[in-house]
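Here the structure is laid out as structure tokens; the discussion comes afterwards.
The values are calculated or read from the model by the stated rules, or taken from the named source; none is laboratory data. Small disclaimer: the values here were computed from a predicted structure and weren't measured. When we count neighbours, we look across all protein chains shown, and the Cβ atoms used for this are built from the backbone with ideal geometry, even at glycine. Accessible surface is based on the protein model in full, side chains and every heavy atom, while ligands, DNA and RNA are left aside. Shrake-Rupley method; radii C 1.70, N 1.55, O 1.52, S 1.80 Å.
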Amino acid sequence: MAFSSSYPYLPLWLFTLLFFVLMLLAREVGIWFRHRRPLPVESEPGKEKDKEKDDDAFAMTSVMGLLALLIGFTFSVALSRYDERRELVVKEANAIGTTWLRTGLLDTTDGERMRDVLKRYVDARIAFGAARNNDEERAQFERTEALQNELWAVMSAGIAGFRDTPRASLVVTTTNEAIDLAAERIATREAHIPSRILRMLLLFALLAAGLVGYERSRQRKETTLVLLLFALAVGLVIDLDQPSTGLTNVPQTPMLDLKESLAQPPASLPPR
């Protein structure tokens with residue numbers, strides 16, 4: 001399986017700060033355009049002013065509402081990916097735990113060899129989940145692949161004497177499931193919000209900030225707070241979308257609990 005790195009980003013705090021600064025600059029550009037706008041000729045001052053306020057309110061409500069919708073959409077996508085990664089950790093821990101129990105179906109020596117590999121395999125999976133950059137991900141991925149090959153070789157040797165029996169099928173099924181779930185976890189860590197959607201979101205946010213400055217040039221404190229909230233919301237979306245470098249990491253509790261449970265060997269088959 002090819003291993004592609006997570007798409008690169010600045011540190012999250014720096015990205016959020018720079019994005020907030022860019023939104024402030026876009027607002028200032030909007031204010032500049034507002035001040036350069038020629039004053040309208042007022043035939044009926046009261047009516048013209050009311051109409052202008054209504055137009056401004058409609059534009060602001062429409063653009064800010066659409067921006068909130070776009071942020072909500074991307075947040076939903078990022079959160080669903082996060083939930084998927086979290087569920088896969090639970091499924092993989094369950095599959096490895098079941099495989100551990102079914103090593104008791106093997107002969108004593110073969111069962112001990114397979115359990116030794118499984119212990120190291122669990123350590124590798126925990127390290128993979130805790131990887132904080134692409135280099136760590138790559139190293140733990142390579143370690144996982146090596147242990148998968150070793151695990152499969154040990155299992156194949158252990159079931160050689162009863163390969164065509166249901167007992168062998170029980171061991172093979174859960175071992176194969178654990179390996180497949182490891183591949184799924186790698187794939188979900190590499191699945192991100194499409195970069196085109198993110199670029200359009202950032203561009204739309206900057207244009208919206210410019211409109212805020214154009215329509216609310218005298219309300220700097222209020223608009224600064226609004227833009228800060230939007231910048232934090234976009235930062236949260238990026239955070240959820242980065243399983244390696246983000247601040248919101250998928251908990252490895254199921255794997256850690258599994259590691260503790262491996263201290264006790266499973267029940268073996270009764271002597272025949």
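Remarks
- Every listed requirement among (1) farther than 30 Å from Met60 by Cβ; (2) surrounded by 17 or more Cβ atoms within 10 Å (Cβ to Cβ); (3) among the hydrophobic types (A, V, I, L, M, F, W, C) is met by Ala183 save one, (2).
- Selection count where residues are exposed (fewer than 14 other Cβ atoms within 10 Å of the Cβ) and not basic (Lys, Arg), scope region 158-172: 6
- The number of residues in region 214-227 being at pLDDT 90 or above and touching a helix residue (DSSP H, G or I) at 6+ places or on another chain (Cβ under 6 Å) comes to 2.
- Within region 227-246, tally of residues that are open to solvent by 30 Å² or more (accessible area, probe 1.4 Å), touching a residue at least 60 places away in the same chain (Cβ under 8 Å) and of a type in the set (A, V, I, L, M, F, W, C): 5
- Positions within region 101-142 being outside any helix (DSSP H, G or I) and either under 32 Å from the mean Cα position of the chain (by Cα) or surrounded by fewer than 18 Cβ atoms within 10 Å (Cβ to Cβ) (or both), in sequence order: Asp107, Ala130, Ala131, Arg132, Asn133
- Test: Tyr82 is aromatic (Phe, Trp, Tyr) and farther than 30 Å from Ser169 by Cα: yes
- Comparison of Gln242, Gln264 shows that the only residue that is outside any helix (DSSP H, G or I) and more than 23 Å from the chain's Cα centre (by Cα) is Gln264.
- Among the numbered conditions (1) assigned to a helix (DSSP H, G or I); (2) closer than 30 Å to Gly97 by Cβ, the only one that Thr224 does not meet is (2).
- Tallying residues that are touching a Phe, Trp or Tyr at 6+ places or on another chain (Cβ under 8 Å), within 21 Å of Leu240 (Cβ to Cβ) and of a type outside the set (Lys, Arg) within region 142-189 yields 1.
- Set Arg120, Arg85: member being touching a residue at least 60 places away in the same chain (Cβ under 8 Å) and touching a helix residue (DSSP H, G or I) at 6+ places or on another chain (Cβ under 7 Å): Arg85
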